[in-house]
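Following: one structure in structure tokens, then a few remarks.
Just so you know, all these numbers are worked out from the coordinates, no wet-lab data involved. Keep in mind that this is a model prediction, so the values were computed, not measured. Methodologically, a virtual Cβ is constructed for each residue, glycine included, from the backbone with ideal geometry; neighbour enumeration extends over all protein chains shown.
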Amino acid sequence: MASQDIAQLVDALSETHLGDGELSYKGLGLKLDNVESVEDLVQEIERHQHLRALRLEGNTLGVEAARAIAKALESKDQLQRCYWSDLFTGRLRSEIPMALKFLSNGLMMAGARLTVLDLSDNAFGPDGVKGIDQLLRSAACHRLRELRLNNCGMGIGGGKILSEALTECHRLSSASGNPLALRVFVAGRNRLENEGASALARAFQLMGSLEELHLPQNGINHSGVTALASAMRHNQDLRVLNLNDNTFAKRGTLAMAQALGHLRNVQVINFGDCLVRCEGTIALAAVLREGLPVLKELNLSFGEITEAAALILARALADKPLLEKVDLNGNWLGEEGCDNLREAMEGRHEGDILASLSDDEGEAEEDEEEEEHDESDDDPREDRLMQNGESPSKAQCPEEVFSFLDCPSTGKLLQLGEMRRQLLPEVNILEPHQAVDVLIKVASLYSEEPEAKTAVLETFDLLLGRLAASALQAYAVFSTLLVLVGVLKGERRNKKRSPSPGLFLCLEHAVQQDHFAQDQAFLLHTILSKNRKAIESHSSGSLDRLTLALEKKLLN
């Protein structure tokens with residue numbers, strides 16, 4: 001060993017911390033290539049009789065050096081925390097799995113019971129996950145509480161291997177009477193995509209113990225987000241949910257909103273740069289009105305959110321006493337919208353909780369034909385059905401119902417009688433377009449002829465009552481309805497429809513009923529008032545009647 005290297009190691013050892021069972025070489029920049037380079041380090045490990053934590057991050061470790069350290073670890077049965085991030089800088093991709101296998105074997109031979117394993121910032125890819133596969137399956141990880149694999153380049157393959165390992169660990173630990181209860185999982189910047197995220201979601205659902213989940217920047221879109229959302233419903237102690245810089249779009253956000261509605265302990269939500277957009281924001285507002293009582297931080301920055309949706313969100317946040325920060329920067333509010341949002345947030349909480357709006361993108365530009373959207377967010381089969389004017393549920397409909405949906409008329413509606421209830425045999429919260437389409441068809445038949453008017457209003461009320469069975473469902477339905485008639489900016493390819501005066505008159509009637517909630521009135525009033533010009537020419541005074549009814553509702 002060169003004298004210069006020996007001197008460097010001596011200096012490094014002088015800075016190690018031996019208190020509280022921790023031995024630390026953090027950030028010393030040591031180049032540990034072979035047995036000689038770690039000789040003194042190994043002796044320090046061996047002399048530490050009650051080693052509980054080993055910090056090696058910020059050095060670079062070769063295969064032979066890892067083998068020597070692993071040998072020393074074989075006697076450390078009290079070791080619980082391994083902080084080994086940024087440990088292989090400059091190493092060949094083929095070296096890292098071998099080094100990890102040696103270290104893993106040392107821990108397993110020792111009979112260690114890890115609670116923390118941090119291997120972040122090691123670009124080891126799927127092969128690196130194979131290097132820790134056996135360790136994660138073993139008894140050494142039965143008590144694991146924190147697993148940090150941020151920025152490791154695992155990819156889809158690595159995500160699947162990791163999921164299988166955690167699933168097996170849970171099975172074996174459950175058999176021994178102490179099921180794996182992982183609390184913190186960090187795996188940002190790993191290119192997991194939908195398949196990798198969905199695989200991990202299965203493991204998360206099985207464990208049901210997560211308190212923090214960090215999966216930012218993984219190329220996940222709505223199908224992967226939906227799988228994660230389903231898993232989160234089973235993790236009732238979840239406090240932190242960070243999915244920054246993935247692509248939710250409407251479906252993913254609706255699925256996540258559904259999941260959040262079942263959780264009571266969430267303190268931090270980071271959906272920044274996730275394209276939650278207007279409909280997704282409105283869905284989250286519905287959940288915030290009724291749940292998430294201990295929320296402290298909400299990040300919906302850079303999500304293509306317009307002023308109206310932001311104001312609805314602000315109102316939903318009014319009764320969150322622990323709220324400390326709301327980030328809506330980088331959206332489509334416009335100068336006036338930013339001012340209105342600041343005013344809406346002022347005085348509702350102690351201190352200034354609204355983050356800077358300095359990167360606001362200005363008001364959204366109006367599209368002449370179609371809204372831009374993420375094509376991966378579409379179901380091709382569903383699109384074909386919609387293009388043909390057909391709903392997927394029609395195959396189960398009685399002939400009379402099918403006939404009405406295919407070509408609505410007042411006569412057919414009157415003939416339906418009690419079968420009107422079957423116009424909505426099933427409501428899919430993640431895809432409310434077909435249900436809203438039925439509402440629009442019924443409303444289009446409105447007339448002042450008494451029998452027709454009664455039938456239309458009764459049917460509209462009946463259907464709306466079913467569609468608004470929960471706050472989330474009501475918000476999703478109203479936002480979809482407003483997108484379809486061109487009032488709210490959406491993301492689908494559906495062409496905007498010119499709203500019939502009958503739609504506004506049916507809504508006016510609904511607003512006057514006891515079952516119509518005040519927060520639903522605020523949603524409609526806010527969006528209509530901010531986008532009145534888009535529909536004024538089609539209203540024939542019916543929009544004024546609806547607006548007046550909404551204002552009366554809000555004053556009650």
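Along the axis of the charge dipole computed for region 14-112 (Cβ charges of +1 for Lys and Arg, -1 for Asp and Glu, origin at the Cα centre), the listed residues A68, Q80, V38 are led at the positive end by Q80. Distance between the pseudo-spin-label points of Q78 and E46 (7 Å out from Cα toward the beta carbon): 1.9 nm.
Structure note, pairs K296/K553; K130/K250; K530/K552; K26/K325; K412/K553; K76/K130: Cα-Cα distances above 25 angstrom occur for K296/K553; K130/K250; K26/K325; K412/K553. What the pair-distance distribution of region 14-112 shows, using all Cα-Cα distances binned every 5 Å from zero, is 3, 15, 25, 30, 20, 7, 1, 0 percent.
Of all beta bridges that DSSP places with both ends in region 14-112, some 10 percent have antiparallel geometry. A simple spin-label model places the labels of S176 and S529 6.2 nm from each other, with each point 7 Å out along Cα-to-Cβ. Computed about the Cα centre, the dipole magnitude for region 14-112 is approximately 340 debye when only Lys and Arg (+1) and Asp and Glu (-1) carry charge, each at its Cβ. Evaluated on the chain, the Kirkwood hydrodynamic radius is 26.4 Å, with distances taken between all distinct Cα atoms. Going from the fewest other Cβ atoms within 10 Å to the most, the residues I220, I161 appear in the order I161, I220. Projecting the Cα positions of L213, L136, P499 onto the charge dipole of the chain (unit charges on Cβ atoms of Lys, Arg, Asp and Glu, taken about the Cα centre) puts L136 furthest along the positive direction. From a point 7 Å beyond the Cα of E343 in the direction of its Cβ, which residues of region 510-534 have a backbone N at a distance under 19 Å? Answer for this model: 522-533.
Where does each of C338, C407, C397 land when they are ranked from fewest to most other beta-carbon atoms within 10 angstrom?
Details: C338 21, C407 10, C397 18.
Ordered from fewest to most neighbouring Cβ atoms within 10 Å, C338, C407, C397 come out as C407, C397, C338.
Placing +1 on each Lys and Arg Cβ and -1 on each Asp and Glu Cβ, with no other charges, gives the chain a dipole about its Cα centre of roughly 1880 debye.
Looking at the chain, send over the antiparallel percent of its DSSP beta bridges, to the nearest 5. DSSP beta bridges in the chain are roughly 5 percent antiparallel. This ranking places H142, H515, H262 by how few other beta-carbon atoms lie within 10 Å of each, fewest first, which gives H515, H262, H142.
Using the Cα centre as the reference, give the magnitude of the dipole from point charges on the C-beta atoms of region 179-260 (Lys, Arg: +1; Asp, Glu: -1; all else neutral), rounded to the nearest 20 debye. Mind showing how you got there, number by number?
Numbers: 8 positive and 6 negative charges, 26 e Å.
Its charge dipole is roughly 120 debye.
With a Förster radius of 22 Å applied to the beta-carbon distance between S94 and K26, the computed FRET efficiency rounds to 0.25. Across region 14-112, the mean sequence separation of Cα contacts (distance under 8 Å, 6 or more residues apart), normalised by length, yields a relative contact order of 29 percent.
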